[in-house]
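Student: Take this structure first; my questions come after.
Throughout, read-outs are computed from the coordinates displayed, never taken from laboratory work. Source: prediction; values computed, not measured. Backbone-built Cβ (ideal geometry, glycine too); neighbour counts: all protein chains shown.
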Amino acid sequence: MTNTTQTRHIPDRLHSRAARLFKSWEALLFAVAIAIFVVNSFASPYFLNAWNLSDATFNFTEKAMIAFAMALLIISGEIDLSVASIIALASTAMGLAVQYGAGTPELVAIGLTVGLLCGAFNGVFVTILGLPSIVVTIGTMSLFRGISYIILGDDAFRGYPTSFSWFGQGYIYWVFTVEMLFFVIIAIVYAVLLHKTNFGRAVYAIGNNPTGALFSGIRVARVKFILFLLTGLMSGVAAICLTSRLGSTRPSIATGMELEVVTMVALGGVNILGGSGTIPGVVIAAFVMGLVTFGLGLLNVPGIVMSIFIGLLLIGVIALPRLWAMVAAQRKARKIA
Amino acid sequence: MMRHIPVREAILASAILLLIVLIASRFAGFVTPANLANVFNDTAPLIILALGQMVVILTRCIDLSVAANLALTGMAVAMINVAFPGLPIPFILAIAVTLGAMMGAINGVLVWKLNIPPIVVTLGTMTIFRGIIFLISDGKWVNSHEMSPAFTGFPRAAFLGLPVLSWIAIITVIAFGVMMSRTQFGRSIFAVGGNPHAAVYTGINVGRTQFGAFVVSGALAGLTGYLWVARYAVAYVDIAGGFELEVVAACVIGGISIAGGIGSVGGAVLGAIFLGVVKNALPVVNISPFWQLAISGSAILIAVAFNARSGRTKGRIILKSAEVTQ
């Protein structure tokens with residue numbers, strides 16, 4: 001964006017499909033995931049244990065649910081930093097409903113509705129008022145969590161019905177959790193939506209050139225509004241899972257999760273400036289982040305130190321290919337000279 | 001003549017005045033000079049950081065690592081103070097500014113040389129800096145009794161009726177006023193944000209200007225790191241957690257366009273003061289401090305909606321004279 005002197009290299013012929021797949025971001029990331037897996041299984045004897053690995057998935061399933069919707073939003077050139085605050089508000093609303101005797105179906109409905117409403121609120125500001133999404137969602141990030149604080153103060157909601165714990169603590173079969181099932185279903189839905197439908201093509205078109213997309217007949221505002229709705233909805237789903245898993249609601253729930261979600265999306269190879277990215281990439285990124293945190297946790301590395309690794313990973317995976325390209329370009333230039 | 005009055009700043013200033021009048025109607029003690037000076041002193045770190053953030057946002061970037069930078073520098077100088085209690089304050093200040101500037105330079109290099117989007121870079125460095133605090137401090141706190149009296153006394157020392165902390169904020173505001181309007185660096189910041197392509201053609205190195213902006217923001221974060229730790233006389237991993245968003249909020253409320261190129265020193269300062277007044281007024285007028293987050297969130301939304309309305313130009317500016325009459 002800022003480098004105006006950069007020229008675009010157009011190859012004489014396209015690489016074969018296999019070569020492209022091999023050289024893709026997803027392949028690189030997959031190799032990283034395998035490497036982390038292998039290193040971890042050597043580093044700790046407790047790593048290769050089905051139950052431990054199953055527990056480890058909680059590190060990323062909830063974040064990944066949001067990350068899929070966020071990926072679409074970022075590809076379209078927008079961003080939503082309020083997702084963690086939507087979780088807080090949805091969770092608070094569910095906790096409030098429990099005080100009035102709501103059962104599990106009502107709680108789920110409330111969680112999803114609050115998520116959708118928050119997404120719609122963001123969407124109205126961005127698409128109807130035409131404001132930059134980063135600023136709007138920094139604002140709603142404070143607003144949504146602020147409402148939770150007004151309702152709860154330094155209190156907590158507890159007493160969720162027993163059947164509600166199924167979402168965050170239940171198992172489908174053996175070590176496979178309910179959250180894993182959600183993760184897989186949501187990943188497939190978003191992969192199909194982005195890669196196989198007109199809507200998905202529209203998302204890419206908008207991200208690459210919003211004006212061009214508008215003139216080719218895409219209802220840009222409507223697509224973006226739907227993407228904000230979806231991100232809100234997914235935050236609602238994540239709120240249900242997280243609340244069910246923790247069994248209580250505090251206004252500080254999921255603090256800082258928005259940054260982890262964005263990290264996951266960026267790590268997954270989605271261009272933060274919009275226009276490109278894939279759902280499989282985000283899926284692998286979710287596993288990479290989950291494995292890193294889990295492996296380091298087994299080695300008794302404190303959470304805050306793990307965040308160093310996540311930060312380095314985020315910058316590293318983006319910086320290294322660019323450094324590589326720069327070095328290659330310099331070498332080429334020297335060869336020509 | 002009318003065009004010389006910055007409308008946005010005037011409206012924001014009157015909003016702050018109105019707010020103060022409203023508070024005063026419920027609690028007259030709020031408007032005593034001593035209390036207002038207190039509020040200003042309390043807001044000083046936010047003002048200093050908002051100015052640094054303003055420079056970064058003007059160049060079409062964003063710096064989310066300022067609070068982590070602040071906390072890391074604060075911890076570093078606190079530990080230096082524990083190890084060498086005799087080290088004079090000017091040295092501490094120099095170390096803090098240098099350390100902060102170095103962290104800013106890391107952000108700047110990644111944005112400049114590798115072209116990584118600033119939001120990704122600073123998200124990453126934010127978590128890395130926080131983690132490093134834990135590594136160097138081992139998760140322990142540095143408490144007030146471990147710090148030397150000179151170290152903790154400096155920001156609170158009174159000079160001409162105001163604490164040094166307030167004076168540093170005032171000096172920073174003046175320095176930025178001069179820098180943004182009178183120096184080549186200041187003008188190139190506006191040029192880069194307003195139109196990077198045009199800036200390149202006028203001989204401005206866009207990347208280097210952005211690098212400079214990150215260094216400035218980092219240096220101010222470092223300076224504030226020392227002031228923060230000394231003022232509250234405690235250093236630990238989580239100090240100023242989430243403060244980066246408050247800083248961005250101050251800029252947004254102050255009318256600095258997140259798309260770059262539009263903004264002023266006065267706006268950033270007023271935005272910070274607005275948040276500072278709200279924060280200090282809530283307990284006074286008997287509103288639970290838990291309202292603060294929601295209020296600042298609403299303020300951001302109102303401010304950005306308002307700025308977008310007033311900032312919408314009617315047509316394309318072709319002639320310079322047409323631009324002047326706007």
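Student: Using a 10 angstrom cutoff on alpha carbons, build the Gaussian network for chain B and name the most mobile of B:ASP138, B:ASP238, B:ASP42.
Tutor: B:ASP138
Student: Give the long-range amide H neighbours of A:TYR171: residues separated by 5 or more places, or on another chain, with amide H under 5 Å away, using H modelled in the peptide plane at 1.01 Å from N.
Tutor: Residues meeting the criterion, in which the H sits 1.01 Å from N, are A:VAL178.
Student: Using Cα-Cα distances under 8 Å and only pairs 6 or more residues apart, what relative contact order does chain A have, in percent?
Tutor: The value is 32 percent.
Student: Within 10 Å, count the other beta carbons around each residue, average over each peptide in B:65-74, A:188-197, and list them highest first. Please list the in-between numbers first.
Tutor: Values: B:65-74: 30.4, A:188-197: 14.9.
Ranked from most to least packed, the peptides come out as B:65-74, A:188-197.
Student: Anything in chain B that counts as a DSSP H helix reaching 30 Å or more along its axis (C-alpha) with Kyte-Doolittle mean of at least 0.0? List them, would you? Please report the intermediate quantities before stating the final value.
Tutor: Values: long enough: B:33-58 (34 Å, 1.35); B:89-114 (37 Å, 1.84); B:206-232 (39 Å, 0.77).
Once both thresholds are applied, what remains is B:33-58, B:89-114, B:206-232.
Student: In degrees, nearest 10, range 0 to 90: what is the angle between the Cα axis of helix A:178-196 and the longest Cα principal axis of chain A?
Tutor: Roughly 40 degrees, rounded to the nearest 10.
Student: Something else about it: What list of ³J(HN,Hα) values in whole Hz, one per residue of the range A:117-122 in order, does the Karplus curve 6.51 cos²θ - 1.76 cosθ + 1.60 (θ = phi - 60°) give from phi, with Gly and Pro shown as x?
Tutor: Once θ is set to phi - 60°, the couplings for the range A:117-122 become 4, 4, x, 5, 4, 4 Hz.
Student: Per-residue mean of other chain beta-carbon atoms within 10 angstrom of the beta-carbon, peptide A:140-152?
Tutor: 6
Student: If you take each beta carbon of peptide B:189-200 and count the beta carbons of other chains within 10 angstrom, what is the mean?
Tutor: 1
Student: Any chance you could give the angle, 0 to 90 degrees and rounded to 10, that helix A:25-43 forms with the longest Cα principal axis of chain A?
Tutor: 60
Student: Taking the Cα-to-Cβ direction at B:VAL178 and at B:PHE91 and moving 7 Å from each Cα, how far apart do the two end points lie in nm?
Tutor: Rounded to a tenth, the inter-label distance reads 2.9 nm.
Student: Let me ask something additional. Connecting C-alpha atoms closer than 10 Å in a GNM of chain A, tell me which of A:PRO280, A:PRO302, A:PRO210 has the biggest fluctuation.
Tutor: A:PRO302
Student: Counting partner chain Cβ atoms within 10 Å of every residue's Cβ in B:247-255, what's the average? Write down the numbers at each step before the final one.
Tutor: Working: counts 0, 4, 5, 0, 1, 6, 1, 0, 0.
Per-residue shielding by partner chains comes out at 2.
Student: What relative contact order, as a whole-number percentage, does chain B give when Cα pairs under 8 Å and 6 or more residues apart are counted?
Tutor: Computed over chain B, the figure is 33 percent.
Student: Once label points are set 7 Å from the Cα along Cα→Cβ at both A:ILE185 and B:VAL109, what is their separation, rounded to one decimal in nm?
Tutor: Label-label distance for A:ILE185 and B:VAL109, simple model: 4.9 nm.
Student: Next question, about the same structure. Scaled to the compact-protein estimate 2.2 N^0.38 Å, what is the alpha-carbon radius of gyration of the range B:1-84, rounded to two decimal places?
Tutor: Normalised Cα radius of gyration, the range B:1-84: 1.56.
Student: Would you please put B:103-111, A:26-34, A:42-50 in order of how densely packed they are, using the mean number of other Cβ atoms within 10 angstrom per residue and starting with the highest?
Tutor: Answer by packing, highest mean first, reads B:103-111, A:26-34, A:42-50.
Student: Hey, what number do you get for chain A at 222 nm if only DSSP H runs of n ≥ 4 count, each worth -39500 (n - 2.57), divided across all residues, to the nearest 500?
Tutor: It lands at -23500 deg cm²/dmol.
Student: Under Stokes-Einstein, with the Kirkwood radius over Cα pairs standing in for Rh, what whole-number D in µm²/s applies to the protein assembly as shown at 37 °C and 0.692 mPa s?
Tutor: Estimated via Stokes-Einstein, D reaches 125 µm²/s.
Student: Would you please give the FRET efficiency between B:ALA157 and A:LEU96, computed as 1/(1 + (r/R0)^6) with r the Cβ-Cβ distance and R0 = 56 Å, to the nearest 0.05?
Tutor: The calculated FRET efficiency here is 0.70.
Student: Report the residue, chosen from A:ALA202, A:ALA286, A:ALA97, that carries the largest GNM mean-square fluctuation when chain A is represented by alpha-carbon nodes joined by springs under 10 Å.
Tutor: Comparing A:ALA202, A:ALA286, A:ALA97 in the GNM, the peak value goes to A:ALA97.
Student: Counting helices only, and only those DSSP H runs with n ≥ 4, report the 222 nm mean residue ellipticity of chain B as the sum of -39,500 (n - 2.57) divided by its residues, in deg cm²/dmol to the nearest 500.
Tutor: Per the formula, -24000 deg cm²/dmol.
Student: Mark the label point 7 Å from the Cα of B:PHE27 along Cα→Cβ and return the residues of the range B:256-294 whose backbone N is within less than 12 Å of it.
Tutor: Hits in the range B:256-294 for B:PHE27 at 12 Å: B:278-289.
Student: With r as the distance between the Cβ atoms of A:LEU299 and A:ASP155 and R0 = 35 Å, compute the FRET efficiency 1/(1 + (r/R0)^6) and round to 0.05.
Tutor: That gives a FRET efficiency of 0.45.
Student: On to the next question. Using just the C-alpha positions of the range A:48-326 as equal point scatterers, what log10 of I(q)/I(0) does the Debye formula give at each q in 0.09, 0.12, 0.14, 0.17 1/Å?
Tutor: Computed log10 I(q)/I(0) values: -0.41, -0.74, -1.01, -1.41.
Student: If you don't mind, another one. With contacts defined as alpha carbon pairs under 8 Å and 6 or more residues apart, what's the relative contact order of the range A:208-337 in percent?
Tutor: 15
Student: Something else now. Starting from 0.36 nm per residue, how many nanometres of slack lie between B:HIS197 and B:MET102 once their C-alpha separation is accounted for? Display every interim value, and only then the final one.
Tutor: Working: separation 95, 0.36 × 95 = 34.20 nm, distance 2.81 nm.
Between B:HIS197 and B:MET102, full extension yields 31.4 nm more.
Student: Further question on the same structure: Counting chymotrypsin sites (Phe, Trp or Tyr not before Pro) as exposed when in a DSSP loop with at most 15 other beta carbons within 10 Å, what is the longest stretch of chain B free of them?
Tutor: B:142-326
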